[in-house]
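First up is the structure itself, then whatever we jot down about it.
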Amino acid sequence: MKMMVRNTIQESRYARSLIEASLDPLFTVNTEGKIMDVNQASLNITGQLREQLVGSDFFHYFTKPDSAKQAYLAVFDKGFVSDYPLTIRDHKLTDVLLNGSIFKDDDGNVLGVVVVARDITEQKRFENELKDAKIFAEHATEFAETAQGDAVKASQQANDAVKAKQQFLSNMSHEIRTPMNAIIGFTKVLLKTDLSTKQFEYLSAIKMSGDALIVLINDILDLAKVDSGKMTFEECPFKLKTSIAAMLHLFESKIHEKNIELINEYDVKIPPVVVGDSVRLNQIILNLVSNAVKFTNAGTITMSVQLLKENEQTVTLKFAVSDTGIGISKNKIDQIFENFQQAYSSTSRLFGGTGLGLAIVKQLVELQGGSVAVESELSQGSTFSFILDFKKTTANALQQCEEFEINQEIKDIHILVVEDIPLNQLLMKTLLDDFGFKRDIASNGKIAIEKMKSKNYDVILMDLQMPEMNGFEATEYIRNQLKSTIPIIALTADVTTADVNKCKAVGMDDYISKPVNEKLLYNKIISVLKNHAEVAQLTLSSNKQTGSLRYTDLSYLMKRTKSNPTLMMEMISLYLEQTPPLILSMKKSLHDKDWNSLHASVHKIIPSFSIMGMNADFENIAKQVQEYATSQEAFENIGDLVMKLESACTNACNELKIEFETIKNSLYE
Ligand code: ADP
């Protein structure tokens, strides 16, 4: 009996320890839905005493008693319930998942259910955090996508803005430069006439203002050129010392007026002639010295050029312009090289200027591989310096790029000026009269073509934008319909977007931008005339040789075959066999504009020229055809060249047929 009692006690302790092992609330509930037993966790969560809980209604402790009842009934139904979501009616409404199963007595009678309510607050919190994180991530992605879209839009807008700026600048250049061209040009013409002192003074003032305006327009255009990557630099030998002295000379009167001193320090070790872009160098120095003069009221301005390094090919020079002027404060010094930046807002009012000069200086120096620097102290002065490399040369063709002398021997040149604006027409007439050339004017392409039919001209100066027929259309017509190779120089008012390639593609020889620089115009006219004469000479000489003399010369073949008649006949018959189909294929490719095939046919025909002793000019013509075929440019000439080849090869075939017969006959003699 004692034993039995002890066993019962042990069992009940065992059961209790099992119940308490669960850290989640555990309830045993009888078949009437009343709580029979609970663990400590249940007391904790409900905040009730064991006595209060035991015997009370189980469902009462949940926010949704009906759901709790359903879960409880489901246990009886299925024998268990798992992860049934409920909320305990405690002070913090703990979310739980109910797991339960039935329990029976030894005879198998169902006594009730045992349920464990697993606290899922942490899990819920984690889920919510995950949900929030997901929403946040979605928002972030959305945000990033919008930002990316905005960035693409912004970059598109920036590109559009750059293009619009380019377009605006080129339009403006056209609009301003054309009338300015006339104003400056005619002022120059007037200045050469008999004038009273007053008239001369007024005109000089007009010219100075015009020049200043052109400088500004050119500055803006220079920047546009830099922006669009169209800035190019010349490489010409020039005398640096003379060039700098000439620059400084320009400021003499101003410096004298301001009673300041100008010092020129020039390193004697610098070679007398260097190769580079003297015009751009002058532009850089002009900008720096004019700033120094502008911002200095007393003291000195020093221009120094120093040899830093020298090797076989190049010299590295340091140019510095120092002044004792107003100086620039430390916080402004970084901005002054930017476009349209002046150190102080009052600068423009007090000293004038646009804030473009230094931006251009920096670009011009850096694009040539150099560097600029500035040191300045407020009220003490400034030193602007730059370092540039120049190539060395032994050439004594000094100042050749600048050369401008009217060659009195070049006379009787007839120029056709195709230009619609009357002021420009008049200016061109004046310039060409000064050169001693004869000129006619046509106010559009159509009139020009009519004039060309009745008169011979040596050069055409062709404006691009004209009513009726513009310069491109007129050139195309002259090259393709009139089949004329007359040199054509385009007159363009718009250097930033001037489609130089388009000028070349339609067959123009050169172009010059307005306002026309008279030296450049003269040199370009002479240069295209020279080129044209050389080409004409070549054609003439080859015509002479091919016309009066023979097309073929068999001495090379005789040498190679050691005058073996059979071998010679074999070679000639091979030529006669392969040449006509190659000519046909050349003509067909030209007709079909199949440039690869044209190139291939010409390639096959070239070796036969030297074997059959044909004039080297034909090989050159063939190579030109190949070049055109490869570059697919300047097509207007290609037809003529192919025709020349065809005629030469046909004539060669005729001659070789006779040769073949002669050799053959000699065999049987
Ligand atoms: P601009 O002279 O047309 O205003 P620049 O680009 O040449 O434009 O110069 C930008 C600014 O740098 C000037 O407005 C001036 O404030 C400052 N600056 C340039 N050179 C000097 C100088 N020698 N002394 C003092 N300030 C200068």
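The values are calculated or read from the model by the stated rules, or taken from the named source; none is laboratory data. Quick caveat: nothing in here was measured; it's all calculated off a predicted structure. FYI the Cβ positions are ideal-geometry reconstructions off the backbone, even for glycines, and counts take in every protein chain you see.
Key figures for this structure:
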read-out	value
Scan of the range 335-369 for residues that are within 12 Å of residue 295 (Cβ to Cβ) and either more than 8 Å from the ligand (Cβ to nearest atom) or modelled with pLDDT under 85 (or both), ordered by number	342, 343, 344, 347, 350, 351, 352, 353, 357
Within the range 644-661, considering residues that are surrounded by 13 or more Cβ atoms within 10 Å (Cβ to Cβ) and among the aliphatic types (A, V, I, L, M), the one farthest from residue 597 (Cα to Cα)	656
Members of the range 57-108 that are under 14 Å from residue 25 (Cβ atoms) and of a type in the set (S, T, N, Q)	87, 94, 99
Residue in the range 56-77 that is polar (S, T, N, Q) and in a strand (DSSP E or B) present	no
Yes/no for residue 616 being among the aliphatic types (A, V, I, L, M) and under 30 Å from residue 486 (Cβ atoms)	yes
Residue 605 being in contact with a helix residue (DSSP H, G or I) (Cβ under 8 Å, 6 or more places away or on another chain) and either within 24 Å of residue 476 (Cα to Cα) or without any contact (Cβ under 8 Å) to a residue 60 or more places away in the chain (or both)	yes
Every pair of residues 6+ apart whose Cβ atoms lie under 9 Å, when the first sits in the range 357-380 and is of a type in the set (Lys, Arg) while the second is near the ligand (Cβ under 10 Å from one of its atoms)	362/337; 362/338
Residue among 213, 195, 203, 248 that alone is within 16 Å of the ligand (Cβ to nearest atom), surrounded by 14 or more Cβ atoms within 10 Å (Cβ to Cβ) and over 30 Å from residue 165 (Cβ atoms)	248
Leading residue by the ranking (farthest from the ligand (Cβ to nearest atom)) among those in the range 316-334 that are part of a strand (DSSP E or B) and over 31 Å from the mean Cα position of the chain (by Cα)	320
Tally of residues being within 16 Å of the ligand (Cβ to nearest atom) and either at pLDDT 95 or above or not in a loop (DSSP other than H, G, I, E, B) (or both) across the range 379-400	6
Residue list for the range 232-273, restricted to those being part of a strand (DSSP E or B) and farther than 25 Å from residue 309 by Cα	261, 262
Among the candidates 267, 219, residue that is more than 16 Å from the ligand (Cβ to nearest atom), among the acidic types (Asp, Glu) and either touching a Leu at 6+ places or on another chain (Cβ under 7 Å) or within 30 Å of residue 501 (Cα to Cα) (or both)	267
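Okay, residues lined up against (1) small (Gly, Ala, Ser); (2) assigned to a strand (DSSP E or B); (3) at pLDDT 85 or above; (4) out of contact with any Pro (no Cβ under 7 Å at 6 or more places or on another chain):
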residue	(1), (2), (3), (4)
441	no, yes, yes, yes
474	yes, no, yes, yes
477	no, no, yes, yes
490	yes, yes, yes, yes
496	no, no, no, yes
502	no, no, no, yes
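Condition check ((1) surrounded by fewer than 18 Cβ atoms within 10 Å (Cβ to Cβ); (2) touching a residue at least 60 places away in the same chain (Cβ under 8 Å); (3) acidic (Asp, Glu); (4) within 15 Å of the ligand (Cβ to nearest atom)) across all residues:
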position: 259; (1), (2), (3), (4): yes, no, no, no
position: 273; (1), (2), (3), (4): no, yes, no, no
position: 282; (1), (2), (3), (4): yes, no, no, no
position: 291; (1), (2), (3), (4): no, yes, no, yes
position: 298; (1), (2), (3), (4): yes, no, no, yes
position: 301; (1), (2), (3), (4): no, no, no, yes
position: 305; (1), (2), (3), (4): yes, yes, no, no
position: 309; (1), (2), (3), (4): yes, no, no, no
position: 312; (1), (2), (3), (4): yes, yes, yes, no
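Condition check ((1) over 30 Å from residue 208 (Cβ atoms); (2) exposed (fewer than 10 other Cβ atoms within 10 Å of the Cβ); (3) within 35 Å of the chain's Cα centre (by Cα)) across all residues:
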| site | (1), (2), (3) |
| --- | --- |
| 109 | yes, yes, no |
| 112 | yes, no, no |
| 116 | yes, no, no |
| 121 | yes, no, no |
| 147 | yes, no, yes |
| 181 | no, no, yes |
| 185 | no, no, yes |
